[in-house]
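Chemist: Before I ask anything, here is the structure I am working with.
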Amino acid sequence: MPSASLGNVNSPTFAGISSLVADDDGSLLAGWASATGSAQAPISYAVYVAFGSVSAGALFVDANIIGRVDGLSARFYTLSDNTTFLNKDETYTVGVRAVSANGISETNTAIDTEVCLGVNLNDLELDVTAIKKLAKTILGNVV
């Protein structure tokens, strides 16, 4: 698309991710300060996440975008496919980029890594099995 048709072609001024915290519910919470500058408003924030400790070059690709948010934080439980949950004791790399209303993104390279504290999916399967056994025992004793 020719730049003249975009109108305001200024990118937001943005420092990137400023905090990343693991919660014991299996989520990560990313935070950042507001973008500034003369970019076309409103500004949204594209959140990127990748499995493992990766470089900014490997993180900031479209395949790693988990979504765009309007606020200054995002809590998430999955990778970009929305089906692969973050897993306990695994490291994830997260970054955020500000995007203007007409789709112009700034190109900061700030990233952060965090180890997920949450639930191990294998533990959940063991819990479900234990609950089924308990239910069977209780029902067996009642009947």
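Chemist: Filter segment 111-143 down to the residues that are modelled with pLDDT under 65 and either in a loop (DSSP other than H, G, I, E, B) or among the hydroxyl-bearing types (Ser, Thr, Tyr) (or both) and list them by number.
Modeler: ASN120, VAL143
Chemist: Please give the strands (runs of 3 or more DSSP E) falling wholly within segment 1-52 in which 3 or more residues are buried (at least 19 other Cβ atoms within 10 Å of the Cβ) and modelled with pLDDT of 95 or more.
Modeler: Values: elements: 17-22, 28-32, 44-51.
Of the strands (runs of 3 or more DSSP E) lying wholly inside segment 1-52, those with at least 3 residues that are buried (at least 19 other Cβ atoms within 10 Å of the Cβ) and modelled with pLDDT of 95 or more span 28-32, 44-51.
Chemist: For residues in segment 59-73 being in contact with a Gly (Cβ under 9 Å, 6 or more places away or on another chain) and of a type in the set (A, V, I, L, M, F, W, C), which is surrounded by the most Cβ atoms within 10 Å (Cβ to Cβ)? Can you show your working first?
Modeler: Within segment 59-73, the subset in contact with a Gly (Cβ under 9 Å, 6 or more places away or on another chain) is 59-60, 64, 72-73.
Applying the additional criterion that residues be of a type in the set (A, V, I, L, M, F, W, C) yields 59-60, 72.
Details: LEU59: 18, PHE60: 21, LEU72: 14.
Taking the candidates together, the pick is PHE60.
The values are calculated or read from the model by the stated rules, or taken from the named source; none is laboratory data. All values reported here derive from a predicted model rather than from experimental measurement. Counting neighbours? That spans all protein chains shown, and the Cβs are built from the backbone with ideal geometry, glycine included.
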